[in-house]
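J.: Encoded as structure tokens, here's the structure I'll be asking about.
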Amino acid sequence: MAGIDPELAQACDRHEARNLEELKRLIAIPSISADPEHRDDVRRCCEHVVARMNEIGLSARVLETGGNPLAYGEWMHAPGKATLLVYGHYDVQPVDPIELWHSPPFEGTVRDGKIFGRGSVDDKGQVLMHLAAIAAHLAVRGRLPINLKVVVEGEEEIGSPNFDAAVERYRDAFAADVAAISDTAMYAQDVPSLTTSLRGLVHWEIRVDGPAQDTHSGYFGGIVRNPIEALATIVAALKDDDGRVPVPGFYDGVPELDESQAAELAALAFDETVEAEALGVPQLWGERGRHPLERMWFRPTLECNGIWGGYSGPGSKTIVPSFATAKISARLVGEQDPVRVRDLVARYVERLAPAGVRVSITDDGAVRPIVVPRDHPAVAAAARAMEAGFGRAPVFIGTGGSIGPVATFDRLLGLPQVLIGVGLPDDAIHAPNEKFSLRQFFDGIKTIAYFYDELAGLRPGGGSG
Ligand SMILES: [Zn+2]
């Protein structure tokens, strides 16, 4: 392992003002991908990133896609070394409601050790951490310890509609041994963290059909089964009083936390009362006997997302409705197979069908959970770099949600991925007054610079050398 190179750290320190200027310059380009009025700004932002990449010594170019272009830069002069693919995005969210901003969203404004501006942390600042770290390496040593590719997307905030196709089209540009994504936050200030698991997802629609049309409840009530009642019974049967999903086989492939993982979770600050208050619920609820963080990150769930049927207009309408529909979805973890879960739940729902109605269930998409083994050499390298950069060993956390490019890299490239983000939970991403703490930004640059050094031992193909 390389440890901290003091010259590298000094180079990062020396360039703080320059790096802050660079961030302000990038924030000043209103690259809102959701707004067609800003299409030119989006392209200008991409070109700016490419120009900056070339300036610091990457070989960079614009990669056209069916939509907003990608900024791509590479440095491939470390033969025999592994290749790291860095992902970030240069597009930003809209700024409404503009009147709630304390300073103009497209002027990086420094107050109280933070830089405010749209995209400051999501994700322009975190993209620049990599470019600044690369610049520091090249300034100090004239070379990088690994081969490196940087891809900066322009459509992340609108769901990456052209990203999968771009990965297929530019397969060579995306070829790598490991990917690093810097577009996430740490668990809390002073609690550096690495995200190593993302839950998978399956969804279904259940439809219960009764009489061919809405029928008069006075005439026919009592001789036909009500589809809404039948559907409610089915949905209610998908979770028991302990918060568990009673579908046989549902929990196959769900790993139990080992003792040290459980201790790690227990050590994280998490106040159930505060959390319940923030969510506006009288108390938290979930699978009995498990820590809320375990339930959010490392346990599967099944939820009803919507249910409708019958009459919901003003006044009353006395009918036995013709049909009722519900949307349900499950979040999956570990080795749960989404295709198998999809079928298990569908068969279970069909078996729950009561007499007198017809029940059908359709599914829509299946995303498998992603687990990056924490003993993977790239994760271990990131952990050492974070400890060096932030003075504390990171905790390993999960996220209940999915991250588009992470799923793409997993599905199309099969790459191990390191989610190394340094935002903070109160950064107000997607909201007015988005900010990036300068301490996080500057420590993040060093962390990334160390991370590249720590990866030098990684063998092409992903093992440790
Ligand atoms: Zn983002």
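J.: What is the local net charge at THR65, summed over the other residues whose Cβ is closer than 14 Å to its Cβ (Lys, Arg +1; Asp, Glu -1)?
T.: Neighbourhood net charge equals -2.
J.: Let me ask something else about it. So what is the relative contact order for the chain, in percent, with contacts set as C-alpha pairs under 8 Å and at least six apart?
T.: Computed over the chain, the figure is 26 percent.
J.: Mind checking which lysines have their C-alpha under 25 Å from LYS24, skipping anything on the same chain fewer than 8 residues away?
T.: Result set, ordered by chain and number: LYS114, LYS124, LYS149, LYS435, LYS446.
J.: Explain nothing, just the number: relative contact order of the range 345-436, from Cα pairs under 8 Å at least 6 residues apart, as a whole percent.
T.: Value for the range 345-436: 18 percent.
J.: Here is a follow-up. Applying the Karplus parametrisation 6.51 cos²θ - 1.76 cosθ + 1.60 with θ = phi - 60° to the phi angles of the range 202-213, what ³J(HN,Hα) value in whole Hz is obtained for each residue in order, glycine and proline being reported as x?
T.: 9, 9, 9, 10, 9, 10, 10, 9, x, x, 4, 9
J.: Post the alpha-carbon centroid distance, the range 340-368 to the range 271-336, in whole angstrom.
T.: 18
J.: If R0 is 45 Å, what FRET efficiency do you get for ALA51 and ASP375 from their C-beta distance, rounded to 0.05?
T.: So the FRET efficiency works out to roughly 0.70.
J.: Just grab the label-to-label distance for GLU168 and ALA262, each label 7 Å out from Cα along the Cβ direction, in nm (one decimal).
T.: 4.5
J.: Between VAL140 and HIS430, what is 0.36 nm times their sequence separation minus the Cα-Cα distance? Round to one decimal in nm.
T.: 100.8 nm
J.: Sticking with this structure for a sec: With the crude spin-label approximation of a point 7 Å out along Cα→Cβ, what separation in nm comes out for GLN189 versus ARG288?
T.: Going from the GLN189 label point to the ARG288 one covers 4.0 nm.
J.: Let me ask something else. How large is the convex hull of the C-alpha atoms of the chain per residue, in Å³?
T.: With only Cα atoms used, the chain gives 173 Å³ per residue.
J.: In whole angstrom, how far apart do the alpha carbon centroids of the range 234-256 and the range 12-62 sit?
T.: Result: 47 Å between the Cα centres.
J.: Please name which of THR215, GLY66, ILE228 has its Cα lying farthest along the dipole of the chain towards the positive end, using unit charges on Cβ (Lys, Arg +1; Asp, Glu -1) and the Cα centre as origin.
T.: Value computed over the given set: GLY66.
J.: Let me ask something else about it. Could you calculate the contour length gain from TRP308 to ARG439, that is, 0.36 nm times the residue separation minus the distance between their Cα atoms, to one decimal place in nm?
T.: 42.3 nm
J.: Suppose R0 equals 25 Å; then what is the FRET efficiency for ALA34 and GLU64 from their Cβ-Cβ distance, rounded to the nearest 0.05?
T.: My answer for the efficiency is 0.80.
J.: If contacts are Cα pairs under 8 angstrom and at least 6 residues apart, what is the relative contact order of the range 30-94 in percent? Could you put the intermediate results ahead of the total?
T.: Values: 80 pairs, mean separation 22.9, N = 65.
Contact order relative to length: 35 percent.
J.: For each of THR318, THR196, THR301, count neighbouring Cβ atoms within 10 Å of the residue's Cβ, then give the residues from fewest to most.
T.: THR318, THR301, THR196
J.: Given H placed 1.01 Å from N in the peptide plane, which residues other than close sequence neighbours of VAL178 have an amide H under 5 Å from its amide H?
T.: THR83, LEU85
J.: Only counting other Cβ atoms within 10 Å, I'd like MET129, MET386, MET296, MET53 sorted with the fewest neighbours first.
T.: Exposure proxy ranking, most exposed first: MET296, MET53, MET386, MET129.
J.: Would you mind ranking TRP285, TRP297 by Cβ crowding within 10 Å, fewest neighbours first?
T.: Values: TRP285 11, TRP297 22.
Ranking TRP285, TRP297 by Cβ neighbours within 10 Å, fewest first, gives TRP285, TRP297.
J.: Express in nm, to one decimal, how much length is gained between VAL274 and PHE220 on full extension, taking 0.36 nm for each residue of separation and deducting their alpha carbon distance. Each step should come with its number before you reach the end.
T.: Working: separation 54, 0.36 × 54 = 19.44 nm, distance 5.00 nm.
Extra length from VAL274 to PHE220 when fully extended: 14.4 nm.
J.: In the chain, what % of DSSP beta bridges are antiparallel (nearest 5)?
T.: Around 70 percent antiparallel, to the nearest 5.
J.: Now for a different question. At 222 nm, what helix-only mean residue ellipticity would the chain give, in deg cm²/dmol to the nearest 500, using -39500 (n - 2.57) for each DSSP H run of four or more?
T.: Counting only the DSSP helices, I get -10000 deg cm²/dmol.
All of the numbers you see were taken from the coordinates with simple rules; none came from a lab. A quick note: this is a predicted structure, and the numbers were derived from the prediction, not measured. Note that each Cβ is placed from the backbone with ideal geometry, even for glycine, and that neighbours are counted across all protein chains shown.
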